[in-house]
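Visitor: Okay, handing you the structure first.
The values are calculated or read from the model by the stated rules, or taken from the named source; none is laboratory data. Being a predicted model, the structure only gives us computed values, none of them experimental. With ideal geometry, Cβ positions are generated from the backbone for all residues, glycine too; neighbour counts draw on all protein chains shown. Ligands, DNA and RNA are excluded from the accessible area calculation, which covers all protein heavy atoms including side chains. Shrake-Rupley method; radii C 1.70, N 1.55, O 1.52, S 1.80 Å.
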Amino acid sequence: MSTRTWRIAAATLTASAMTISACTTSSTGGDGDSGGDGDSGGPLTIGTTDKVVSLDPAGAYDNGSSGVMQQVYPFLMNSAPGEAVPEPDIAASAEFTSPKEFTVKLKEGLTFANGNELTSSDVKFTFDRQTKIADPEGPSSLLGNLDKTTAPDDQTVVFHLKSGNDQTWPGVLTSVVAPIVDEDVFSPTEVMSDNDIVDGNPFAGPYQIDSYDKNSLVSYKAFDDYDGILPAAKTNTVNVKYYADANNLKLDIGNGNIDMAYRTLGPTDIEDLSKNDDVKIHKGPGGELRYMVYNFNTMPFGAKTKDADPEKALAVRQAMADSLDREALSKQVYKGTFEPVYSFVPEGFEGQTQPLKKMYGDGDGGPDAERAAERLKDAGVETPVTIHLQYNTDHYGSSSGEEYAMIKSQLEGTDLFKVDLQSTEWVQYGKDRTNDEYPVYQLGWYPDYSDADNFLTPFFLNPGSFLAQHFNDEEINELIKEQRSEPDEDKRNELLGELQTKVAEKLPTLPFLQGAQVAVAGKDVKGIILDPSFKLHMSTIEK
């Protein structure tokens with residue numbers, strides 16, 4: 001999510017729920033079940049370096065804004081703490097009633113915190129305004145497969161889809177595009193200001209906002225009439241403090257000035273805090289992917305270079321994959337907060353396989369310079385190959401410089417590559433990469449919802465990929481479409497496995513690290529659940 005430029009071209013969906021299944025979940029203390037009275041312990045203070053762009057779901061597509069929305073807005077679908085499979089939230093039921101119709105029945109008696117009734121009319125209004133406003137900074141592209149929304153009665157909503165059997169639709173309804181808003185408060189045509197939203201009190205999640213000082217301090221109080229899948233708030237008052245500098249966040253959690261730090265401390269900070277007896281490090285599964293992108297026009301032997309040769313270009317990509325030492329990057333740069341990944345889909349997602357592990361390097365995840373040299377020799381590539389490699393230091397964390405310095409060292413250590421390493425600030429970076437300025441470059445990805453497809457369709461379905469790297473493979477395109485519309489879970493997983501292998505053969509990107517979720521909290525704090533939904537379940541936390 002966050003500052004991505006891609007917009008899902010055509011969602012898709014089909015029957016049943018899908019997605020992540022057997023991910024590891026980190027949870028500590030607390031029973032995590034429903035029915036909290038909101039009176040246990042005192043107020044909690046959580047610190048973060050995330051920033052809020054907007055409280056209006058039509059005007060924000062970033063982690064900081066989404067983090068607030070998850071607490072205060074109701075969703076039709078959600079996942080219970082510790083799980084990732086979408087289930088009805090404020091809905092009584094939700095199912096495909098035909099291949100192109102997904103029907104939701106709302107629970108009876110739903111209200112917003114301002115006292116307004118929450119009916120199907122609000123739900124229709126929510127999705128109509130998302131598609132009408134289509135703010136360039138908003139998430140409306142996630143509704144690419146939505147034809148229209150109808151509300152035949154006060155409790156019933158029908159989503160009419162453009163293409164049938166879209167397995168990702170229940171996941172879309174859990175995502176940043178789907179918080180339900182009050183039609184008596186929100187404008188149908190414009191993004192609202194944060195203060196106007198807070199004044200209207202149109203909240204109906206586990207919490208409502210009690211006071212709001214943007215990107216400084218937000219105070220939440222429990223909303224007793226929330227009627228959904230998430231537990232009732234264990235703590236009545238939660239304050240979220242925003243930090244401009246991660247060093248100050250580290251100092252405050254280390255000194256006990258706040259109860260919990262969540263997003264984002266650096267690996268060295270976390271390592272230091274692990275030695276502090278007053279705090280505990282909590283880790284959960286992570287869907288954040290780090291990878292390199294190859295521009296198929298401008299990379300060595302790319303289609304627009306003077307010595308264009310697709311076989312040699314493939315050999316260069318494969319030899320780089322042979323040469324990368326993921327374990328060293330994980331341990332030496334990220335202190336284990338990012339872990340090696342051997343697929344285009346992070347480990348833990350339903351249908352994930354690890355084709356890169358056997359196909360490249362030593363066949364067991366490690367580097368193999370001899371294998372890389374053999375590939376280049378067989379393809380007739382003279383060495384060393386010059387790689388112009390770009391990264392940035394202001395979007396993926398302060399460790400990016402160290403990360404890419406090590407990648408340069410690993411590649412040059414084989415004597416097969418000479419790396420010209422450059423960095424550019426993020427504001428310019430996004431423009432340059434899509435203008436073919438960078439032959440090979442750094443990117444990262446955080447999923448919109450918990451489904452393997454969210455790591456495949458946006459990247460490799462062409463035309464339309466946000467990568468804009470001039471890669472297009474018809475066999476891969478067809479496999480992407482086929483798995484998205486396959487309702488049988490086992491058959492879909494087989495297709496996902498075949499798809500990941502095909503992409504690994506072509507190597508349009510080179511994934512190498514997967515980030516874990518990390519929270520640091522005082523030892524009296526319990527109920528922290530970091531799960532494959534990648535959402536902070538604030539209502540389960542108490543002290």
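Visitor: So which of V157, V181 is over 30 Å from I480 (Cα atoms) and touching a helix residue (DSSP H, G or I) at 6+ places or on another chain (Cβ under 7 Å)?
Guide: On the way: V157 fails: over 30 Å from I480 (Cα atoms).
Answer to the selection: V181.
Visitor: Any residue that is buried (at least 21 other Cβ atoms within 10 Å of the Cβ) and over 21 Å from V185 (Cβ atoms) - is there at least one of those in region 103-115?
Guide: Within region 103-115, one or more residues are buried (at least 21 other Cβ atoms within 10 Å of the Cβ) and over 21 Å from V185 (Cβ atoms).
Visitor: Here are the criteria: (1) under 29 Å from G348 (Cα atoms); (2) within 25 Å of the chain's Cα centre (by Cα); (3) in the same structural domain as E183 (by the TED database); (4) not in a loop (DSSP other than H, G, I, E, B). Tell me which single one R290 does not satisfy.
Guide: If we test R290 against (1) under 29 Å from G348 (Cα atoms); (2) within 25 Å of the chain's Cα centre (by Cα); (3) in the same structural domain as E183 (by the TED database); (4) not in a loop (DSSP other than H, G, I, E, B), just (3) comes out false.
Visitor: Still on this structure: Given the criterion over 32 Å from the mean Cα position of the chain (by Cα) and under 21 Å from F344 (Cα atoms), identify the matching residue among A379, A372. Talk me through it step by step, then tell me what you get.
Guide: Values: A379 fails: under 21 Å from F344 (Cα atoms).
Within the list A379, A372, the selection yields A372.
Visitor: Sort through E542, E474, E482 and tell me the only one that's in contact (Cβ under 8 Å) with a residue 40 or more places away in the chain and over 21 Å from the mean Cα position of the chain (by Cα). Before the answer, list the steps.
Guide: Values: E474 fails: in contact (Cβ under 8 Å) with a residue 40 or more places away in the chain; E482 fails: in contact (Cβ under 8 Å) with a residue 40 or more places away in the chain.
The conditions single out E542.
Visitor: Could you grab me the full set of residues in region 194-211 that are touching a residue at least 60 places away in the same chain (Cβ under 8 Å) and either within 18 Å of L536 (Cα to Cα) or open to solvent by 40 Å² or more (accessible area, probe 1.4 Å) (or both)?
Guide: If we filter region 194-211 for residues that are touching a residue at least 60 places away in the same chain (Cβ under 8 Å), which is where we start, we get 194, 197-198, 200-209.
Listed by number, the residues that qualify are F203, A204, G205, P206, Y207, Q208, I209.
Visitor: Please go through region 301-320 and pick out each residue that is in a loop (DSSP other than H, G, I, E, B) and either surrounded by 14 or more Cβ atoms within 10 Å (Cβ to Cβ) or of a type outside the set (D, E) (or both).
Guide: First, the residues of region 301-320 that are in a loop (DSSP other than H, G, I, E, B): 301-309.
Passing the criteria: F301, G302, A303, K304, T305, K306, A308, D309.
Visitor: Given the residues K377, K357, K335, which is the only one that is modelled with pLDDT under 95 and out of contact with any strand residue (DSSP E or B) (no Cβ under 7 Å at 6 or more places or on another chain)?
Guide: Details: K377 fails: modelled with pLDDT under 95; K357 fails: modelled with pLDDT under 95.
So the residue among K377, K357, K335 that is modelled with pLDDT under 95 and out of contact with any strand residue (DSSP E or B) (no Cβ under 7 Å at 6 or more places or on another chain) is K335.
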